[in-house]
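Inspection log for the structure reproduced underneath, given as structure tokens.
Since every read-out is calculated from the coordinates, none of them should be taken as a lab result. All of these numbers come straight from a predicted model, not from anything done at the bench. Neighbour counts run over all protein chains shown; Cβ positions are idealised from the backbone, glycine included.
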Ligand SMILES: Nc1ncnc2c1ncn2[C@@H]1O[C@H](COP(=O)(O)OP(=O)(O)O)[C@@H](O)[C@H]1O
Ligand SMILES: [Mg+2]
């Protein structure tokens, strides 16, 4: 007989207008890594929030270590040795790592008989021991605001360990990490399993599940689709179940058909606000019908190249030529009008107007032109039909269709809206920075197809991505950036992902 540490039976949870979990039952064995797979909005976080005591189910029961439990708060869950690392970390910025770890715990000692008091030396020592044991290196006296996101995540894990969690829930832990950091985290999770902990891993990335999980429950629109043994399940099978239809992993890429040069970047150097050279003497060109992808580890200057081409950052030296015209000194608007579309990384900051409707956001690039505007008169019928067309084509999901205020939409759907709006401009040059970051497989497939379609139409495409797979799938030409310099530029079919990976680490002559 199987020994389950957690059983969730017939769990239903409704939010206004939506059944987030619909009669879901899962049972988790001690010491396994159990994955919860599903697209955005499938109900994964909701299900685990109930196990962590943040919501109570409308129906169903939760059994922990064989005993039915009713959690009214996450303290109740913590008392059953359940811990959770949330998608958005819950740390106090101006406290130290050690302070964050003990925060909310019962005071360890009472000094003078009445004052709650924590002996920070002892705490630091205990943290050091935990960090060594689980390879979670931190410096307990560092302030949270001074450490990078990967360290913050380690603090969250340490916090669970410090509270003696045996059942650890990770909600999309890799979304904020670089490929190297992801590898490292998966090793840590493996270490936790070896130590007998039970890990529940929420994700929408199947490769991660393949690497680390023992079993996998798949949720689709609130319902449990199936529970699979990861060893014997194929990636294709998992993807199809997660999306609810057949997923095409390798969208057909037709042979390249390059035309004239559209973008010419010549000896470009860009400095940041501290006068530090973040892009150093970079040269490349992109032809019609060509996808030029810049591969590199985050923070090596790739987004600054995109910003410089689009006009968000100034070139310190060098030139940028668009279709034979020098645009080095042109404004953002002039460049947009000269034929550049830009899908930036910071979508909320520069991509959308959060308090406008979806319809108005979709028309943002078009409203002053025919047929949307004739002699200064706006045609709202056109706005509406255009919005509906894009919503359908790019599968933009929201509560109230085109009338939805963009702020209330999920990040993934905001992103689909921007990508759709910019692609529909059909400009000679399209810049994509991390176009599929955080998206589900279904949405990634759709956006990849659209990018290839634009390439086949004859657009020059600058693709910047941290996902090596995305670059290998789409690029015609790859430039690998390291420390602000293009270390290597070559046709995509002359490099393996292994070669690209080595250049990304700064190894020349890979
Ligand atoms: N607190 C809430 N109030 C209203 N709706 C919510 C709330 N939390 C989640 N939802 C909705 O429930 C559904 C499932 O959400 P969630 O569990 O966060 O999905 P996932 O984690 O799989 O992306 C979504 O449609 C989401 O909008
Ligand atoms: Mg979630």
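With the convex hull built on the Cα atoms of the stretch 352-424, state its orientation-averaged projected area in nm².
4.3 nm²
How long, wide and thick is the stretch 391-463, going by the Cα atoms along their three principal axes, in whole angstroms, largest first?
35, 22, 18
So what is Rg over Rh here for the chain, counting just Cα atoms and using Kirkwood for Rh?
Here the Rg-to-Rh quotient is 1.00.
Could you work out the per residue convex hull volume over the alpha carbons of the stretch 451-510, in cubic angstrom?
Normalising the Cα hull of the stretch 451-510 by residue number yields 82 Å³.
Of all DSSP beta bridges located in the stretch 4-243, what percent are antiparallel, nearest 5? Please report the intermediate quantities before stating the final value.
Details: 26 of 44 bridges.
DSSP beta bridges in the stretch 4-243 are roughly 60 percent antiparallel.
Per the helix-only calculation at 222 nm, which mean residue ellipticity applies to the chain, given -39500 (n - 2.57) for every DSSP H run of n ≥ 4 and division by its residues, nearest 500 deg cm²/dmol?
Roughly -9000 deg cm²/dmol at 222 nm, from the helical runs in the chain.
Take every Cα pair under 8 Å in the stretch 4-243 that's 6+ residues apart, average their separations, divide by the length, and report that relative contact order as a whole percent.
Across the stretch 4-243, relative contact order equals 28 percent.
Indicate, rounded to the nearest 5 percent, the antiparallel portion of the DSSP beta bridges found entirely in the chain. Walk me through the numbers before you get to the answer.
Working: 49 of 85 bridges.
Beta bridges within the chain, antiparallel portion: roughly 60 percent.
Could you please rank 14, 333, placing first whichever residue has the fewest other Cβ atoms within 10 Å of its Cβ? All intermediate terms of the calculation are to be shown ahead of the outcome.
Numbers: 14 15, 333 9.
Starting with the residue having the fewest Cβ neighbours, the order is 333, 14.
Cα-based Rg of the stretch 139-226 per 2.2 N^0.38 Å, rounded to two decimals?
Scaled against compact globular proteins, the figure is 1.17.
Hey, could you get me the Stokes-Einstein D for the stretch 214-295, Kirkwood radius over alpha-carbon pairs, 37 °C and 0.692 mPa s, rounded to whole µm² s⁻¹?
Values: Rh = 17.6 Å.
This corresponds to a translational diffusion coefficient of 187 µm²/s.
Relative contact order for the stretch 352-424 using alpha-carbon pairs under 8 Å, separation at least 6, rounded to a whole percent?
About 40 percent, as a whole number.
How many percent of Cα pairs in the stretch 4-243 exceed 30 Å?
Numbers: 7579 of 28680 pairs.
That tail contains 26 percent of the Cα-Cα pairs.
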